[in-house]
Amino acid sequence: MEKFQNGDKLRISKFLASKNIGSRKDIEKFIAEKRISLNGITVTTPITFIEEGDQIYLDNKLINIKPKFEILKYYKPIGFITSHKKQDKRPIIFENLSDKYKNYKTAGRLDYNSEGLLILSSDGEITRELELPKNKFERKYEVIITGNFKRDNLQSISSGIKIKNILYKPFKYSIKSNKKNSVILELILIEGKNREIRKLMEYIKLKVKKLKRTEYGPFKLNDLKPGEIHSATKSEITNYLYNKRI
């Protein structure tokens with residue numbers, strides 16, 4: 001599907017062919033027959049360029065310029081990897097989903113031993129926007145840790161730290177429960193480096209017992225159960241479209 005990128009223009013014949021209106025030869029024929037108009041003016045050449053916001057009509061019927069997209073929320077269970085391809089014979093999330101989602105892109109991976117919210121979309125630009133750190137979409141996690149927990153140690157790394165030449169950005173945290181055998185934390189990150197939370201906790205001599213993502217930007221896990229997949233709510237999608245930065 002041809003899509004507009006940062007104000008780019010597209011040739012009308014190429015765009016309409018990508019919308020399955022017909023082949024390029026068909027489009028050229030429609031133009032020759034004066035059946036296509038652009039913003040109220042009859043199109044006379046197939047090399048006419050269009051841009052986002054234009055109105056195209058075929059036989060006086062409006063053609064939707066913006067492609068349809070779908071955003072889904074999936075509760076990834078423990079024991080699956082976030083990938084389209086198998087690795088080390090471990091099951092992948094798409095084995096657990098309908099075939100109609102097999103080409104969907106994911107935003108924010110969760111490792112084999114982690115669970116919680118994954119965003120899937122039919123539009124790869126959406127998942128890319130969600131993942132880019134510069135867009136500052138927050139990821140919220142519930143983390144259960146074991147070991148000799150000291151708040152000062154957590155505070156010291158929350159302002160950002162470099163571990164083995166990898167820079168981890170500042171994060172926010174709150175302590176939900178502090179018991180002798182385990183501590184429950186809520187962590188909020190704005191990026192998702194590989195196994196980031198596990199590496200941060202390991203750095204301060206703590207072990208992650210459970211890691212669950214509960215929110216990603218405006219999207220919330222809410223009452224989803226492991227393995228369930230639901231469409232994002234209208235308000236979540238509206239908030240995403242309002243807050244996206246590219």
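The values are calculated or read from the model by the stated rules, or taken from the named source; none is laboratory data. None of the values given here were measured: they were computed from a predicted structure. Here the Cβ is made from the backbone with ideal geometry for all residues, glycine too, and neighbour counts use every protein chain on show.
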Output the residues belonging to the stretch 185-230 that are at pLDDT 95 or above and farther than 16 Å from residue 116 by Cα. 199, 200, 201, 202, 203, 204, 205, 206, 207
Scope the stretch 162-182; condition within 27 Å of the chain's Cα centre (by Cα) and of a type in the set (A, V, I, L, M); matching residues: 163, 166, 167
Given the conditions (1) without any contact (Cβ under 8 Å) to a residue 60 or more places away in the chain; (2) within 14 Å of the chain's Cα centre (by Cα); (3) closer than 17 Å to residue 109 by Cα, every one holds for residue 193 apart from (2)
Among the residues in the stretch 11-24, are any without any contact (Cβ under 8 Å) to a residue 40 or more places away in the chain and β-branched (Val, Ile, Thr)? no
Tell me, which strands (runs of 3 or more DSSP E) wholly within the stretch 38-130 include 1 or more residues that are within 15 Å of the chain's Cα centre (by Cα)? 71-76, 105-107, 115-121
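Among the residues of the stretch 35-42, are any assigned by TED's automatic domain parsing to the domain that holds residue 16, among the charged types (D, E, K, R) and in contact with a helix residue (DSSP H, G or I) (Cβ under 9 Å, 6 or more places away or on another chain)? Steps first, answer last, please.
In the first step, residues of the stretch 35-42 are kept if they are assigned by TED's automatic domain parsing to the domain that holds residue 16; the result is 35-42.
In the following step, the residues that additionally are among the charged types (D, E, K, R) were identified as 35.
Add one more test, that the residue is in contact with a helix residue (DSSP H, G or I) (Cβ under 9 Å, 6 or more places away or on another chain), and what stays is 35.
Checked against the condition, which is being assigned by TED's automatic domain parsing to the domain that holds residue 16, among the charged types (D, E, K, R) and in contact with a helix residue (DSSP H, G or I) (Cβ under 9 Å, 6 or more places away or on another chain), the stretch 35-42 yields at least one hit.
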Where in the stretch 142-246 are there helices (runs of 4 or more DSSP H), lying wholly inside it, with at least 1 residues that are surrounded by 16 or more Cβ atoms within 10 Å (Cβ to Cβ) and touching a Leu at 6+ places or on another chain (Cβ under 7 Å)? 151-158, 196-203
Mind checking whether some residue in the stretch 68-86 is closer than 30 Å to residue 28 by Cα and of a type in the set (D, E, K, R)? yes
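From 104, 168, 173, grab the single residue that is assigned by TED's automatic domain parsing to the domain that holds residue 231 and of a type in the set (Phe, Trp, Tyr). Step through it out loud before you land on a result.
Numbers: 168 fails: assigned by TED's automatic domain parsing to the domain that holds residue 231; 173 fails: assigned by TED's automatic domain parsing to the domain that holds residue 231.
One residue alone meets the criteria, 104.
Could you pull out the residue among 204, 188 that is in contact with a helix residue (DSSP H, G or I) (Cβ under 6 Å, 6 or more places away or on another chain) and outside the structural domain of residue 80 (by TED's automatic domain parsing)? Don't jump to the end; show me each part of the working.
Working: 188 fails: in contact with a helix residue (DSSP H, G or I) (Cβ under 6 Å, 6 or more places away or on another chain).
Only one candidate qualifies: 204.
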